[in-house]
Amino acid sequence: MIPVLICAVISLSVASTDLDVLYPELEHSRTIYVTENGPRLSVVAEQTKVVSRRGGNATLPCKIQRDQSLAPNRKMRIKWTKLTSDYLKEVDVFVAMDYHKRSYGSFHGRVHLQGSSPMDASLVITEITLEDYGRYKCEVIDGLEDGTVVVSLDLEGVIFPYFPRLGRYNLNFYDADRACRDQDAIVASFDQLYDAWRGGMDWCNAGWLSDGSVQYPITTPREPCGGKNTVPGIRNYGLRDKDKNHYDVFCFTSHYKGRFYYLIHPSKLTYDEAVRACQKDGAQIAKVGQMFAAWKLLGYDRCDAGWLADGSVRYPIFNPRRRCSPTEAAVRFSGFPDKKHKLYGVYCFKGHN
């Protein structure tokens with residue numbers, strides 16, 4: 001904070017002076033200068049964004065800068081909170097004061113202070129989950145002095161549009177949240193959608209984002225998608241009614257611990273047979289998010305259409321070629337066929353602890 005110089009002109013009536021006797025109509029003025037010192041405690045982060053992955057660890061930086069004139073205070077309080085995507089509230093993560101330390105909710109047992117020095121309030125998060133993505137606030141309170149800084153935790157991952165067997169535009173916000181979680185993902189944020197758009201994502205169906213807005217990314221403007229004469233960008237429907245409005249959803253997932261694979265089987269399978277075949281192999285039928293993660297993050301490539309857990313049939317092409325997504329790398333979608341059709345293979349997932 002820049003020191004503030006305050007100039008106040010104060011009218012004074014001074015009695016019993018020679019000036020008063022000689023000049024009774026004279027109003028005396030005195031100028032008083034008051035200097036306010038800058039803050040004696042501040043909080044800084046050498047980087048405001050940290051990138052990690054699901055299952056990994058991350059350290060969110062937070063360093064305390066404390067004026068030496070302040071007396072030592074064993075009751076200095078360090079508090080970390082997580083900001084919700086709409087910034088309407090804060091979720092408690094970790095609090096420390098002297099020897100008393102406490103972690104909260106889903107962070108319990110997974111967070112601690114780095115503590116490389118008495119002035120280090122950096123937070124270490126272990127076994128990162130998809131839900132850990134977001135912005136965190138470090139707040140330090142030392143008597144009457146306090147300081148805050150915000151640090152973002154980003155995750156390596158992939159965003160994908162999703163709709164269920166019911167068809168397009170059938171999900172309110174809460175249905176959308178469940179749909180993403182069912183596919184080993186979470187509802188994507190605007191920042192994640194924006195990064196995907198900058199990477200070339202083009203999708204003409206509007207979907208929910210984590211802040212309750214509905215948007216969609218367009219790289220090639222065209223008539224059915226906002227107009228041919230518009231500029232590329234993210235089309236925004238704004239905040240919508242989370243209960244009454246229905247759209248698709250953009251989901252986000254990250255690295256996983258396990259093995260995603262196409263099950264070699266002597267014959268094509270119905271959906272129920274596909275589920276049992278994966279179980280017989282010591283695995284589970286794979287989810288949509290696991291296929292997207294394997295494709296985008298591991299370069300998984302297979303030109304065989306296979307069942308997934310939601311009853312859809314898809315196949316991942318990382319290297320475009322004739323008869324297998326010749327124009328672009330993509331997860332190809334064959335729809336939601338009748339589950340009794342014996343026309344497809346199956347993708348399985350075997351988790352690792």
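The values are calculated or read from the model by the stated rules, or taken from the named source; none is laboratory data. Small disclaimer: the values here were computed from a predicted structure and weren't measured. We place every Cβ from the backbone using ideal geometry, glycine too, and count neighbours over all the protein chains shown. When the accessible area is computed, the model is the full protein with side chains, heavy atoms only, and any ligands, DNA or RNA have been set aside. Shrake-Rupley method; radii C 1.70, N 1.55, O 1.52, S 1.80 Å.
So the check is Cβ under 9 Å with 6+ separation or different chains; which pairs have a first residue in the stretch 258-273 that's under 30 Å from ARG54 (Cα atoms) and a second one that's assigned to a strand (DSSP E or B) and hydroxyl-bearing (Ser, Thr, Tyr)?
If the second residue must be assigned to a strand (DSSP E or B) and hydroxyl-bearing (Ser, Thr, Tyr), the pairs left are PHE260/TYR347; TYR261/TYR347; TYR262/TYR315; TYR262/TYR347; LEU263/TYR347; TYR271/TYR344.
Give me the residue from the stretch 314-353 that is among the aromatic types (Phe, Trp, Tyr) and part of a loop (DSSP other than H, G, I, E, B) and, out of that set, nearest to ASP184 (Cα to Cα).
My answer is PHE336.
Going by the conditions given, is ASP184 within 17 Å of LYS296 (Cβ to Cβ), open to solvent by less than 60 Å² (accessible area, probe 1.4 Å) and outside any loop (DSSP other than H, G, I, E, B)? Before you say what the answer is, go through the steps one by one.
On the way: within 17 Å of LYS296 (Cβ to Cβ): yes; open to solvent by less than 60 Å² (accessible area, probe 1.4 Å): yes; outside any loop (DSSP other than H, G, I, E, B): no.
No; evaluated as a whole, the condition is false for this residue.
Restricting the search to the stretch 254-275, which residues are over 18 Å from SER312 (Cβ atoms) and out of contact with any Gly (no Cβ under 7 Å at 6 or more places or on another chain)? Spell out the reasoning first.
The initial filter retains those residues of the stretch 254-275 that are over 18 Å from SER312 (Cβ atoms), namely 254-259, 264-267.
Passing the criteria: TYR256, ARG259, ILE264, PRO266, SER267.
Among residues belonging to the stretch 49-105 that are outside any strand (DSSP E or B), in contact (Cβ under 8 Å) with a residue 24 or more places away in the chain and of a type in the set (A, V, I, L, M, F, W, C), point out the one that is nearest to SER210 (Cα to Cα).
CYS62
Scan the stretch 108-121 and give yes if some residue there is touching a strand residue (DSSP E or B) at 6+ places or on another chain (Cβ under 6 Å), open to solvent by 80 Å² or more (accessible area, probe 1.4 Å), part of a loop (DSSP other than H, G, I, E, B) and under 30 Å from GLN192 (Cβ atoms), otherwise no.
yes
Which one of GLN284, GLN279 is touching a Lys or Arg at 6+ places or on another chain (Cβ under 9 Å), open to solvent by 40 Å² or more (accessible area, probe 1.4 Å), under 21 Å from TYR344 (Cβ atoms) and not charged (D, E, K, R)?
On the way: GLN279 fails: touching a Lys or Arg at 6+ places or on another chain (Cβ under 9 Å).
Going through GLN284, GLN279 in turn, the sole match is GLN284.
Can you give me the number of residues within the stretch 125-152 that are of a type in the set (A, V, I, L, M, F, W, C), part of a strand (DSSP E or B) and open to solvent by less than 40 Å² (accessible area, probe 1.4 Å)?
Adding up the residues that qualify gives 5.
Would you tally the residues in the stretch 301-310 being within 26 Å of ARG178 (Cα to Cα) and either of a type in the set (A, V, I, L, M) or surrounded by fewer than 23 Cβ atoms within 10 Å (Cβ to Cβ) (or both)?
Of the residues in the stretch 301-310, 4 are within 26 Å of ARG178 (Cα to Cα) and either of a type in the set (A, V, I, L, M) or surrounded by fewer than 23 Cβ atoms within 10 Å (Cβ to Cβ) (or both).
With the checklist (1) of a type in the set (Gly, Ala, Ser); (2) more than 20 Å from THR84 (Cβ to Cβ); (3) open to solvent by 10 Å² or more (accessible area, probe 1.4 Å) in hand, flag the one item SER189 doesn't pass.
For SER189, the exception is condition (2).
When you scan the stretch 311-324, how many residues do you find that are surrounded by 14 or more Cβ atoms within 10 Å (Cβ to Cβ) and farther than 23 Å from ARG168 by Cα?
The first filter runs over the stretch 311-324 and keeps only residues surrounded by 14 or more Cβ atoms within 10 Å (Cβ to Cβ), leaving 311-318, 324.
Those left that are additionally farther than 23 Å from ARG168 by Cα: 317-318, 324.
So the answer is 3.
Scan the stretch 300-313 and give yes if some residue there is charged (D, E, K, R), assigned to a strand (DSSP E or B) and at pLDDT 95 or above, otherwise no.
So far as the stretch 300-313 goes, no, none of its residues is charged (D, E, K, R), assigned to a strand (DSSP E or B) and at pLDDT 95 or above.
Return only the number of the condition from (1) under 21 Å from ARG314 (Cβ atoms); (2) assigned by the TED database to the domain that holds VAL50 that ARG168 does not satisfy.
Condition (2) is where ARG168 drops out.
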